[in-house]
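The values are calculated or read from the model by the stated rules, or taken from the named source; none is laboratory data. This structure is a prediction, so every number in the text was calculated from the model and none was measured. Every residue, glycine among them, receives a Cβ derived from its backbone with ideal geometry; neighbour counts consider all protein chains shown.
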Amino acid sequence: MSGWLRVAFFGLIALCCFGNIACQRDGASGKKRIGVTLLTREHAFYRDLEAGMREAAERNGFELIVASGDFDLAKQQSQIENFIVQGVAAIVVCPADTRGIGPAIERANSANIPVFTADIAAQGGRVVAHIASDNVEGGRLAARYIAQALNGQGKVGIIGQPEVQSTIDRERGFKEEMQKYPGIRIVSVLNGAGVRDRALKAADDMLQSDPEIKAIFAINDDSALGALSAAEARGRTDLIIVGYDATAEALRAIKRGSALRADVAQDPRAMGQQTIETVAKHLRGEQVPAAITIPVRIVDARSAEVAALP
């Protein structure tokens, strides 16, 4: 092959390789592709979170590739591997396991793909930014509500979920705030895994082992509704349950005057929007905070969104 042909040949190869990389980072439409792996799509919270992400992606000209981890660490790890192979411009993770997801994030780091976490933090690997509710404050709000409802006296239980950081933070805030009320004792902390059937079993075991428990803090609404089913099966109309998420089903339970008395309300749509806006800023070369918190608040039967329910 002559010299000029050799130069032209290798130049063409280089152009093709560059084109393949560009096509990986950008979709067929020319939009930057962002890989998103949610914890689940079964919860209304994550459907709202996804909706917020899609709204912000449309504004920023991104193409979202959204998958659901379904509470399965191995499945979520595989989804991240697929995003790496596809050469996405960024990855957003809502970890199924805060610690376990670390090695998958490290592999994305090695591929020079920026990683962001939403709702649930990760331990391990480099994360550009974590966008979540102020979960410690949410736990404190739940503790204050229960303490006031009990007039500062009584036994309390927690239905937790120790696998993920957001619920660990909620539980921590709750416990810290309860230290201000010496007449209240946290006598039981059980794992409901964030799902209704396991939370129902945990709450039933809790109430059976200590019938004097007067209140339960549940780290999400599936846990709260599971605890409510256990309370109603036992005829515990005196029990006070406070949940977390303010889903429509939970708000209806509050409206009808059930043992589920209050909920900590998040704003998942705003969280989703903020996550993608943060990705966009980073990809433009702008500095972004390592942690961005979305405010939370307590809602009960007196709140406008509950009162407005049919």
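Some values worked out for this structure:
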{"read-out": "Candidate set from segment 296-310 (those that are charged (D, E, K, R) and without any contact (Cβ under 8 Å) to a residue 60 or more places away in the chain); member that is nearest to residue 141 (Cα to Cα)", "value": "302"}
{"read-out": "Selection from segment 168-205 of residues that are of a type in the set (A, V, I, L, M) and out of contact with any helix residue (DSSP H, G or I) (no Cβ under 8 Å at 6 or more places or on another chain)", "value": "168, 187"}
{"read-out": "Subset of segment 228-256 (residues that are in a loop (DSSP other than H, G, I, E, B) and of a type in the set (Gly, Ala, Ser))", "value": "235, 246"}
{"read-out": "All positions within segment 283-310 that are assigned to a helix (DSSP H, G or I) and exposed (fewer than 12 other Cβ atoms within 10 Å of the Cβ)", "value": "304, 307"}
{"read-out": "Members of segment 211-241 found to be surrounded by fewer than 24 Cβ atoms within 10 Å (Cβ to Cβ) and either in contact with a strand residue (DSSP E or B) (Cβ under 6 Å, 6 or more places away or on another chain) or not assigned by TED's automatic domain parsing to the domain that holds residue 157 (or both), listed by number", "value": "212, 213, 214, 240"}
{"read-out": "Subset of segment 168-182 (residues that are surrounded by fewer than 19 Cβ atoms within 10 Å (Cβ to Cβ) and either at pLDDT below 95 or not polar (S, T, N, Q) (or both))", "value": "172, 175, 176, 180, 182"}
